[in-house]
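Reading through the structure tokens given below for one structure.
Just so you know, all these numbers are worked out from the coordinates, no wet-lab data involved. The shown structure was predicted, so the numbers you read here are calculated from the model rather than taken from an experiment. Here Cβ is always computed from backbone atoms with ideal geometry, including for glycine, and neighbour counts include all displayed protein chains.
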Amino acid sequence: MEKYSSQELMEMEHHYGAHNYHPLEVVICRAEGIWVEDPEGKRYIDMLSAYSAVNQGHRHPRIVKALKDQADVLTLTSRAFFNDRWPLFAKKLAGLTGKDMILPMNTGAEAVETAIKTMRKWGYLVKKVEADKAEIIVMAENFHGRTTTIISFSVDPDARNYYGPFTPGFKIVPYNDLKAVEAAITPNTVGILVEPIQGEAGVVVPDDGYMKGLAAIAKKNNVLLAADEIQTGFGRTGKMFCFQYEGIEPDIIIMGKALGGGIFPVSAIAANEPILGVFKPGTHGSTFGGNPLGCAVGMAAIDVLVDEDLPKRSAEMGAYFMEQLRAMKSDKIEKVRGKGLLIGVVLKQSAGKARKYTTALKEKGLLCKETHEWIIRFAPPLVIEKEEIDFAMERIREVLG
């Protein structure tokens, strides 16, 4: 294959690719574990994990082997026929989530759309809400994806502007405000959609008891609680799912990202039969949802998380990392917040915007991403070692200390 320099590749992307991203000026051409490499051979620690899709580390050998072995046998049937991988994946994921049934899709946004359709259909068929009147309560500053329906309840102008008309049926209330949720409920409310931690909003961690409070409100009002665990799930926050910190059982669990082990897009929702049973043949689907290749990868991705106890590792390494960040006592840092290895460093306005610091960290071999201009997110693969955090902290101190 022809070789290009980083500069040539960035110029080529700028010329031929739509400009809907503003990447850091680094080109990644190889990766393993927590390390990535550019075409010139410079190595970096990945502190973003593809927005938590690479929890198991880049190219985990067991997940790569599952992909290769399955690719040699069968990759796609569509759900027009049975295949021998989807039932096994469904059983494994049902066991992990404690739910009766799984509905598989490919991307996170598709899983969120599926949850929205599920809540609405359940509302009409089971709760008996009047046709086309169903309402779903969502939180301000949410990020659930980029489809036209999902951006209809975003408050981010970049996500919304020039994409209307918008899909009705959503009520936006402030995050971390149980009273606002209670006040928004009407007889037409069918669901509450929430991120246990708002990742894209800057790793916003709600008060203890928030998720438990939402579960209680949902139960009292015969409303479904859907937890979007696409970014917080699969060990990222120090438990398999972030809602487990509060000992609750959401009615719907929305999953994606690390379910594919950073190898292949795999997403799904999990719920019990009275909820997912509303779907009948022909009423929802996806050509690639439940494909054998994705199912084989998903099973391996789950096995790695469980066998290597990555949620526990995330809890331990995350506590250590945050302790080190707080101990810097930097005059540039307003606060450090997070759970497990999902960490947000909020900068003081006087420090200037985060982009200059993420650029400086890149030069020193750490790849992280700013969010909302004033926040730096640190979310390395869960396989990171203590010594590697120490290595990263030396560089963080040089830039932010």
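What angle do you read, to the nearest 10 degrees and between 0 and 90, between the alpha-carbon axis of helix 108-125 and the longest principal axis of the chain?
That helix lies at roughly 20 degrees to the long axis.
Among DSSP bridges having both ends in the chain, what percentage is antiparallel? Round to the nearest 5. Walk me through the intermediate numbers first.
Numbers: 29 of 45 bridges.
Percent antiparallel among DSSP bridges in the chain is about 65.
Using alpha-carbon pairs under 8 Å, 6+ residues apart, how would you state the relative contact order of segment 61-307 in percent? Walk me through the numbers before you get to the answer.
Details: 447 pairs, mean separation 77.6, N = 247.
Dividing the mean separation by the residue count of segment 61-307 yields 31 percent.
Hey, rough spin-label estimate for residue 35 and residue 355, points 7 angstrom out along Cα→Cβ, what's it come to in nanometres?
3.1
Net charge within 15 Å of residue 316 by Cβ-Cβ distance, Lys/Arg positive one each and Asp/Glu negative one each, not counting residue 316 itself? Could the numbers behind the result be given before it?
On the way: positive: 236, 239, 312, 313, 339, 386; negative: 308, 309, 323, 385, 387, 388, 390.
My count for the surroundings of residue 316 gives -1.
Applying a 10 Å radius around every beta-carbon, put 140-150, 74-84 in order of their mean neighbour count, most first. Walk me through the numbers on the way to the answer.
On the way: 140-150: 18.8, 74-84: 12.4.
The peptides rank, most packed first, as 140-150, 74-84.
Quick one: net charge around residue 270, please, counting Lys, Arg +1 and Asp, Glu -1 for every other residue with C-beta under 14 Å from its C-beta.
Details: positive: 91, 92, 99; negative: 100, 228, 229, 249, 251, 273.
So the environment of residue 270 carries a net charge of -3.
Within 14 Å, Cβ to Cβ, of residue 360, how many net charges do the neighbouring residues add up to if Lys/Arg are +1 and Asp/Glu are -1? Present the calculation step by step, with values, prior to reporting the outcome.
Numbers: positive: 332, 353, 355, 356, 362, 364, 369, 395, 397; negative: 25, 363, 370, 394, 398.
Computed value for this residue: +4.
Against the longest principal axis of the chain, how steep is helix 292-307, in degrees 0 to 90 to the nearest 10, with axes from Cα atoms?
Compared with the principal axis, the helix lies near 70 degrees.
Report the Cα centroid-to-centroid distance between segment 1-57 and segment 232-298 in angstrom, as an integer.
28
Going by a ≥ b ≥ c, the root eigenvalues of the Cα gyration tensor, does segment 239-375 fall in the rounded group (a/c under 1.5), the prolate group (a/b larger than b/c) or the oblate group?
prolate
Taking the Cα atoms only, what angle lies between the long axis of helix 86-97 and the longest principal axis of the chain, rounded to 10 degrees?
80
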